[in-house]
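Have a look at the structure that comes next, please.
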Amino acid sequence: MILGPRRLALIGAIAAVVITIIAYPYLLEVFSPRIDVERVSIDLANVSLQPESTEQELTLQITFTLVNNNEVALTTSKIEYELFADGRTVGTDILSYEDIPVNGRPALFSGSPVSLRDFFVLRYSDDEAEMFNTILTNSTQLDWRVTGSATIESGTIFVPKEFSAEL
């Protein structure tokens with residue numbers, strides 16, 4: 001049976017799609033930039049009590065400073081963290097950019113520090129009354145610490161970065 005030009009073109013197109021699907025992960029590995037998450041630092045730059053805080057709800061502004069020492073520009077889609085004050089846990093939060101397109105997320109250019117801010121809301125409870133009152137009365141005198149994980153990205157590569165930082 002002799003195949004006509006249309007059938008040959010269809011078979012060629014199908015073969016190209018199959019080869020692309022099979023080769024895509026390899027092509028990503030070969031042509032994607034290497035991300036060394038050990039060369040990305042995440043520091044706790046500031047924790048400040050916001051003026052709109054009340055006796056029932058405290059708002060803390062958490063400021064992270066990220067520095068990318070890789071040769072390629074990176075971004076982050078999410079920073080999950082747990083906040084501690086004087087060694088006691090205050091709570092957990094997520095600073096997320098996942099709903100923002102990649103080109104709108106924070107750009108981590110090589111060697112340039114980037115500050116990212118999150119607003120952490122702590123609601124009063126009887127169980128945490130002592131911690132709540134301590135933060136309310138002298139938040140600047142506390143030893144603040146965070147631990148967590150950030151998702152560092154470059155195009156189609158996503159790498160988790162564990163971090164711990166303190167003030």
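We did not get these values from a lab; they are worked out from the coordinates using the rules stated. Everything numeric in this text was worked out from a predicted model, so none of it was measured. Here the Cβ positions follow ideal geometry from the backbone for every residue, glycine too, while neighbour counts run over all protein chains shown.
Which residues does a label at THR147 reach in region 64-85, if reach means a backbone N under 14 Å from a point 7 Å past the Cα toward the Cβ?
Of the residues in region 64-85, 81-85 have backbone N under 14 Å from the label point off THR147.
Roughly how many nanometres apart are two label points built 7 Å out from the Cα toward the Cβ at ARG105 and GLN61?
The answer from the label model is 2.5 nm.
Let me ask something additional. Would you kindly calculate the mean projected area, averaged across all directions, of the convex hull enclosing the Cα atoms of region 37-166, in square nanometres?
8.2 nm²
Now for a separate question. Under the rule of at least 5 residues apart or a separate chain, name every residue whose amide H is placed under 5 Å from the amide H of VAL40.
Residues meeting the criterion, in which the H sits 1.01 Å from N, are ASN69.
Before rounding to the nearest 500, sum -39500 (n - 2.57) across all DSSP H runs of length at least 4 in the chain and divide by the residue total; then give [θ] at 222 nm in deg cm²/dmol.
Roughly -7500 deg cm²/dmol at 222 nm, from the helical runs in the chain.
Same structure, new question: Report the net charge of residues surrounding ILE14, where surrounding means a beta-carbon distance below 15 angstrom and charges are Lys +1, Arg +1, Asp -1, Glu -1.
With Lys, Arg at +1 and Asp, Glu at -1, the neighbours total +2.
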